[in-house]
1. Build a GNM of the chain with springs between Cα atoms under 10 Å: which of Ala122, Ala21, Ala106 gets the top mean-square fluctuation?
2. Any chance you could give the angle, 0 to 90 degrees and rounded to 10, that helix 7-25 forms with the longest Cα principal axis of the chain?
3. In the Gaussian network model of the chain, springs joining C-alpha atoms below 10 Å, which of Lys28, Lys117, Lys70 carries the largest mean-square fluctuation?
4. Can you tally the lysine pairs in the chain where the Cα-Cα distance is under 27 Å and the two residues are eight or more apart, or on different chains?
5. Based on alpha-carbon centroids, what's the gap between segment 1-61 and segment 73-142 in Å, whole number please?
6. Quick check: at a probe of 1.4 Å, how many percent of the accessible area of segment 1-99 sits on carbon and sulfur atoms?
7. Percent antiparallel among DSSP beta bridges with both residues in segment 18-142, to the nearest 5?
8. For segment 44-83, what is the Kirkwood hydrodynamic radius in Å, using each pair of distinct C-alpha atoms?
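The values are calculated or read from the model by the stated rules, or taken from the named source; none is laboratory data. Only a predicted model underlies this, so the values are computations on that prediction, with no experimental measurement involved. Quick reminder, even Gly has a Cβ in these numbers, built from the backbone with ideal geometry, and neighbours come from all protein chains shown. Note: areas computed on protein heavy atoms with side chains; ligands, DNA, RNA excluded. Shrake-Rupley method; radii C 1.70, N 1.55, O 1.52, S 1.80 Å.
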Amino acid sequence: MDMEYNRENIEQLLEGKLQQALSDFGEKELKIIDVGVFPWHSEISVSFLFSEDSAAEDDIAAWPHFDYSKIFAGDWEQARELAKRMNEKWATNNDPIPFFFDFGSALTSDRISSVIKRFNLAPDFRIQVLNPDDPKSENFCC
């Protein structure tokens, strides 16, 4: 499958993964959805933090549902092609910032928002795309 890197395809992939999570997690109160974008590794990861989890919000790798999407374990095969295309684009100028904005924009789209609204959202729920190389990164979902 040839999946071109564009916002529509990003939305399609995220919509499918979020719908899968919705059925897996049911009524658990969702606090944070983190989407990790790593164009230099051809990687996209979707992680979840629930209100009942004891991990620190800023220690995403310690979340019980860190990398729920498991792109490298073969659980998200359709995202591998998009991640590969993302890596090819990134290799032309090594600037990851446009990719963070692309994913932030996709995650705040009506298509994705309609899926997110079906989760049991915590009062302080947020969705985030952060620059993994910047400990003080802005959230690109705003």
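1. So, out of Ala122, Ala21, Ala106, the one fluctuating most is Ala122.
2. That helix lies at roughly 30 degrees to the long axis.
3. Most flexible of the set in this elastic network: Lys117.
4. Lysine pairs meeting both conditions in the chain amount to 16.
5. Centre-to-centre distance over Cα atoms comes out at 8 Å.
6. So the carbon and sulfur contribution to the accessible surface is 45 percent.
7. Roughly 65 percent of the beta bridges in segment 18-142 run antiparallel, per DSSP.
8. Mean inverse Cα-Cα distance, inverted, gives 10.9 Å.
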